[in-house]
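See structure below.
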Amino acid sequence: MPRQSGRGRPAPRRGTGPTGDGGDGAAWDLLEVATALVGASTHAEVVRRVLGAGLPLTGATGGAVLLREPDRAPADAPADGRAVGPADGQRGGASRGPGLRRWVGEGAGELLDVGDGCAGARAAATGRAVAAVEPGDVDRLAPGVRAAAVAALPLRSGGEVVGALEARWDAAPDGRAAVLLEALAAVAAQAVARVDADRARTRALAAAQGAGDRLAVLSEVGRLLAAVPGSAPGTGTSPRAGAGAGEEEVPERAAVDRSVGALARLVVPALADWCVVTVVDDAGRWRDSGAAHREPGRTPEVDGFARALVAMPSMGSALAGELRYRRTVVVPRISEAELAAALPEPGAAAAFRALDPCGVLVLPLGVRDRVVGSLLLVTETARGPHTGAEVEAAEEVARRAGAALDSAALFRAQKRLAEGLQRSMLTPPARLPGLDVAVRYEPASRRAEVGGDWYDVLVQPSGSPVVVIGDVMGHDVEAAAGMGQLRSLLRGIAYTTDEPPEEVLARTDAAMAGLGLATTATALVGRLDDLGPRGWRLVWSNAGHPPPVVLRADGRAEVAGTEHDLLLGVRPTTVRTPASLLLGAGDVLVLCTDGLLERRDQGLDVGIETLLRVLAQQPADVRASAQRLCDVVLAACAPGPREDDVALVAVRVR
């Protein structure tokens, strides 16, 4: 009985193999090669085991494995195109021909480059075995190689040729060499097919995961940018009561910055390792609005680079030019020359270089010929350049972000124009001896429209102050035009006729009909008559407007009277009725439009109750100032974002 080896099989006798007398030993060794190939996870491992352990079993002194390479860049090859060397650490190399990658073994598995005319290339191309033993044929199939015989077999898997196995002998092989070579080719083909299938599954899973991540990013971008003021209906922020034109935009800019900053965090790491978003403000200056790094602890470094970037006079000479033409800049691997051209300022270049940049993607944000910002996406060296899918997703993100930022810029411009037009129609109140007067007009936060709310404070020729508040129906240019006409008409009648409030409203109603002023409005006209030590008598007439409210000196708040007549512009012959009450020292008359009281979720009665409660809660120092009282009322009763315009008048008896 033959002696057993340590591996549990009969130990081959010395001299076994295709040229000896121990063919069974070679078969056992081939079985071990096949078993080892089951664990191969890359093409390189398959090649090493086939050439290093399998091919010598055929008696061959050299050979090659040729594998089809549709993408010309196997996943297991180094980034510089070099092939992985043999398992024992000897040097190796690979050359790439049309659709094939050739691994060539010489002696103890050394890997070398060979020409394109080898036997293996022919077998892979034709799908048939190729062999030669005549010197001329051998030279043709293995040019430049001294060999007695050469043969190559195609590697087939599922009817498809995936490569070829080539062998050459220094001496003529015996008949068993062909059998062993065919068996080795079969197990090699199975191993290559399994590696290819695993790689395909890995790529498919990665692609699906990447596509899912990119779709999630695009979905989140749409949700996120809906919060940018003016980018979607029903969005916006509210300016502070009484703020100036420049101050009103601060909350809106803050809302844009929050959304853009979140955009930077959203696209990392799905589309890049780090990101900077810059925007152009209304004065045409670039400013950084958002930055993010896949490692949150390094985000301050990106912030520092962003500050250096926008501080440059031209925002980077090379990048600024591309942004002007609204072109996407794709730099697969940024070089020092490209870096110097894009960032000539040493500080910005150093900050950029410290972040280990590799692939650079710069996208303009905007629509039409208007650029309102830029999106800078950078990958690090370990990740490599951006993929085509990442570039496409980034361009869609930039398109959506640009449209939102452009809409926000247009919204701010239109809102400034609308508010300026509205405020230009509202003159400052007259100075009234013995009375402290404060007025407010606040436009709706969610529209870039002009409205119909107005107030007026004037003095009649008799010396009596007149306070007017009104609201023309509608929120468009026609409403604003109607408000301007009606306010001027009522103001002129109140002054020239010196009539009491009910007569002023009646004459205004008649004049509207006679002049063809086709509008409808609520209005309240009140006249204050000085009674000396007894205080002031308020006489008013109400054309469908919210009632006047009085905050007494002792802190009590009350509705002066709920009776009202028809709106102006409904029936010109309407008889207007007056009402009156006394105001003592420290009392405050409060008049407002329905924008202060009504909301979608709150009716007029609830709004009036809220106003009364807010007024009654104010301490003495607030009640002593009409200006402070107006600010408190606006903040408590109409916090932003406001759904409607608000006009507010407070008259305090000194």
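The values are calculated or read from the model by the stated rules, or taken from the named source; none is laboratory data. All of these numbers come straight from a predicted model, not from anything done at the bench. Cβ coordinates were reconstructed from backbone atoms using ideal geometry, including for glycine residues, and neighbour counts include every protein chain displayed. Side chains included, ligands, DNA and RNA excluded: accessible areas come from the protein's heavy atoms. Shrake-Rupley method; radii C 1.70, N 1.55, O 1.52, S 1.80 Å.
Things to note:
- Within the stretch 611-633, the set of residues being open to solvent by 30 Å² or more (accessible area, probe 1.4 Å), touching a residue at least 12 places away in the same chain (Cβ under 8 Å) and in contact with a helix residue (DSSP H, G or I) (Cβ under 8 Å, 6 or more places away or on another chain) comprises Arg623, Val632.
- In the stretch 489-511, the residues that are in contact (Cβ under 8 Å) with a residue 40 or more places away in the chain and closer than 18 Å to Val539 by Cβ reach residues that are in a helix (DSSP H, G or I) and not hydroxyl-bearing (Ser, Thr, Tyr) with C-beta atoms within less than 7 angstrom, at least six apart or across chains, in these pairs: Thr508/Leu489; Thr508/Leu490; Thr508/Ile493.
- Boolean, Val450 is at pLDDT below 80, under 30 Å from Arg527 (Cβ atoms) and open to solvent by less than 30 Å² (accessible area, probe 1.4 Å): yes
- Within the stretch 252-278, restricting attention to residues that are assigned to a strand (DSSP E or B) and surrounded by 24 or more Cβ atoms within 10 Å (Cβ to Cβ), the residue that is modelled with the highest pLDDT is Trp274.
- If you filter the stretch 623-654 down to residues that are outside any helix (DSSP H, G or I) and of a type in the set (Val, Ile, Thr), you find that the one that is farthest from the chain's Cα centre (by Cα) is Val653.
- The residues in the stretch 522-542 that are free of Cβ contacts under 8 Å to residues at least 40 places away in the same chain and open to solvent by less than 10 Å² (accessible area, probe 1.4 Å) can be counted, and the count is 1.
- Any chance Arg652 is open to solvent by 40 Å² or more (accessible area, probe 1.4 Å), closer than 13 Å to Ala557 by Cβ and at pLDDT 95 or above: no
- Among (1) open to solvent by less than 40 Å² (accessible area, probe 1.4 Å); (2) in contact with an Asp or Glu (Cβ under 6 Å, 6 or more places away or on another chain), the one test that Ala553 misses: (1)
- Test: residue in the stretch 147-161 that is among the acidic types (Asp, Glu) and modelled with pLDDT of 85 or more: yes
- Residue within the stretch 453-461 that is open to solvent by 10 Å² or more (accessible area, probe 1.4 Å), within 22 Å of Gly516 (Cα to Cα) and either at pLDDT 90 or above or outside any helix (DSSP H, G or I) (or both) present: no
- For the stretch 308-332, taking the residues that are of a type in the set (Lys, Arg) and loosely packed, with under 14 Cβ neighbours inside 10 Å, the one that is modelled with the highest pLDDT is identified as Arg327.
- Which listed residue is open to solvent by less than 60 Å² (accessible area, probe 1.4 Å) and free of Cβ contacts under 8 Å to residues at least 24 places away in the same chain, from Ala337, Ala349, Ala394, Ala403: Ala349
- Count - residues of the stretch 133-162 that are under 22 Å from Gly175 (Cβ atoms) and either in a loop (DSSP other than H, G, I, E, B) or among the polar types (S, T, N, Q) (or both): 5
- Val588 falls short on exactly one of the conditions (1) surrounded by 15 or more Cβ atoms within 10 Å (Cβ to Cβ); (2) modelled with pLDDT under 95, and that condition is (2).
- Subset of the stretch 544-566 (residues that are in contact (Cβ under 8 Å) with a residue 40 or more places away in the chain and within 14 Å of Asp594 (Cα to Cα)): His545, Pro546, Pro547, Pro548, Val549
- For first residues located in the stretch 270-290 and within 17 Å of Asp356 (Cβ to Cβ), partners that are assigned to a strand (DSSP E or B) and open to solvent by 30 Å² or more (accessible area, probe 1.4 Å) and lie 6+ apart or on another chain with Cβ distances below 8 Å form the pairs Val276/Asp288.
- Test: Asp471 is in a strand (DSSP E or B) and either touching a Ser or Thr at 6+ places or on another chain (Cβ under 8 Å) or of a type in the set (Phe, Trp, Tyr) (or both): yes
- Residues satisfying the stated conditions in the stretch 460-494, i.e. among the hydroxyl-bearing types (Ser, Thr, Tyr) and under 15 Å from Thr427 (Cα atoms): Ser488
- Residue in the stretch 507-517 that is of a type outside the set (D, E, K, R) and in contact with a Phe, Trp or Tyr (Cβ under 6 Å, 6 or more places away or on another chain) present: no
- Candidates Glu390, Glu395 - the one that is assigned to a helix (DSSP H, G or I), modelled with pLDDT under 90, touching a helix residue (DSSP H, G or I) at 6+ places or on another chain (Cβ under 8 Å) and of a type outside the set (Lys, Arg): Glu390
- Among residues of the stretch 473-521, those that are among the β-branched types (Val, Ile, Thr) and exposed (fewer than 15 other Cβ atoms within 10 Å of the Cβ), counted: 3
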